[in-house]
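One structure is given below, encoded as C-alpha cells.
The values are calculated or read from the model by the stated rules, or taken from the named source; none is laboratory data. Just so you know, these numbers come straight off a predicted model, no measurement behind them. Note: ideal-geometry Cβ built from the backbone for every residue, glycine included; neighbour counts use all protein chains shown.
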Amino acid sequence: MDDVTPKLLDAIQNDFGDLLSKNRTLACIAEKAKYGKVTYKEAHTYAAELGKILSQAYSNHLSSETLPDGKMYFNIAQRILQPTLGNNYELASEIAMQAQKAVNKKAKIGLAVKKPDLNQDKIDGIINRISSEDNFDDASWILDEPVVTFSQSVVDEVLKTNADLHAVYGLHPRIIRTTVGKCCKWCQSITGVYDYPGGAPRDIFRRHNRCRCTTEYSPNGTKRQDVWLKKWRTVPKSALRLNNDISVGHSSGAMFKNAYSVKLPDGRYARLAGGTKITKIKVFAGKGTDVPIREANMLEKAYHYKAKDWEKARGEGIIRDEGENKKAELHWYQVGKGKKKEIVKMKVKRFMNES
C-alpha cells in the first residue's frame, strides 16, 4: 500500500499557505505587529483565523475517501497534525508575544517577553481522538472547532506565561475575565477581576470549544490594559464601603467579584454570599495598633499603598461554596481613609462550625 501521508501533508501545507496569503485580516494584523502596535484582541483574532484556515485546509484534503480504509490511522494523524498544529503554535505565539511587548512598553516594564512551551498534550489529545474512530468522517469534527480553540489557547498561554513571570518579579498583575454574548454557566462562574496568581481561579485561562470570553491584563495592579480594546484604565482603588459592617450586594460586576473573592483553607476560591453582611469587624494589626503586619512591604509593592497605611482585619461572613452557604471567620488586609477602603487577600481563617 502506498504511503499517502507525504502527499496529503504537502497538499494541506500548500493550501494553508495559499489561504494565509489571501487573508487580509491576517495581513493587516501581521503588519501592525511589525511596528509594535498589535493588541491582544488582534492576537486572538489572528489565532482564531489561523485555526479556521488550518481547519479548512484539513477539510479540503482529508476524508474517508483520501485515507486508507477510510480511517485516520495514528501514524498518519501524527505525521500530519504534529507539524501543521505546531506551525499554528509558532505563528500565533509570535503575534501574541508582539502584543505582550506592547503591553510591557506601555507599562514601562523592562522584562523580556517569554515564549510558552508548545502544549504537546493538547496536540496529542487531538491526534489520539481523531485516530480512535474506525471511520474518519465520524470524527472529522475534531479538526474543526477544536483546531480553532487550540490556536486561540496559544494566545492565552502567552498571557499566562508572562503574567507568571511578572508575578515572580513582584509586579502582582491582575487578570480580568469577562463573558461575551450568551455564555455557558461555567464561563460565567469564573468571570471577575482577580489578583494573580494568588486570587485567581485555577481555570482562569482555560478555554473550551466556541468559548469567546475576553480577558484583561494589568501588569502592575494599579492600571489595567483591556487586551481586547487596547485601552488603559485606572483600576478603582476602592473596592468596598466600610461602616460597622460590610454589606455584600447582589451585583455581578467585575470589581464586585474581585472584592468578594475569598481563599478557602484548601486553596480553592469561593465568593461571599450575596445579600449578606460581614459583621464583628475588628482591626487587629497594622495601622492604629501595636502589632506590625509582617507582609506590609509586600503589600506596598503589590498595591502601591505605603506599608505603614495597611491594616489587617477580621470579621464573620457567609461564604457561598459548592452551592452551600457556610459561616466563616474571615481575615483580610485593607487600606484607605474614611468609609472607602480597598480590601485584598481575603481568606477563610476557619469555618464557624469548626472547633
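Summary of values
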item: Residue list for the stretch 318-350, filter: at positive phi and either touching a Pro at 6+ places or on another chain (Cβ under 8 Å) or not in a strand (DSSP E or B) (or both); result: Glu322, Gly323, Gly336, Gly338
item: Residue identified as under 24 Å from the mean Cα position of the chain (by Cα), within 19 Å of Ser140 (Cβ to Cβ) and of a type in the set (D, E, K, R) among Lys37, Lys41, Lys52, Lys32; result: Lys52
item: Residue within the stretch 58-72 that is more than 19 Å from Ser151 (Cα to Cα), acidic (Asp, Glu) and not in a helix (DSSP H, G or I) present; result: yes
item: Elements of type helices (runs of 4 or more DSSP H) contained in the stretch 120-204, each with 1 or more residues being surrounded by fewer than 19 Cβ atoms within 10 Å (Cβ to Cβ), among the small types (Gly, Ala, Ser) and touching a strand residue (DSSP E or B) at 6+ places or on another chain (Cβ under 9 Å); result: none
item: Residue in the stretch 85-93 that is more than 30 Å from Asp138 (Cα to Cα) and either in contact (Cβ under 8 Å) with a residue 60 or more places away in the chain or outside any helix (DSSP H, G or I) (or both) present; result: yes
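Conditions tested, residue by residue: (1) in contact (Cβ under 8 Å) with a residue 12 or more places away in the chain; (2) buried (at least 20 other Cβ atoms within 10 Å of the Cβ); (3) in a helix (DSSP H, G or I).
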position	(1), (2), (3)
Tyr46	yes, yes, yes
Lys52	yes, no, yes
Gln78	yes, no, yes
Lys114	yes, no, no
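Listed here are the residues, each with its yes/no results for (1) at pLDDT below 90; (2) more than 27 Å from His172 (Cα to Cα); (3) not aliphatic (A, V, I, L, M).
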| site | (1), (2), (3) |
| --- | --- |
| Tyr260 | yes, no, yes |
| Gly267 | yes, no, yes |
| Ala270 | yes, no, no |
| Ile278 | yes, no, no |
| Phe284 | no, no, yes |
| Asp309 | no, no, yes |
| Asp321 | yes, no, yes |
| His331 | no, no, yes |
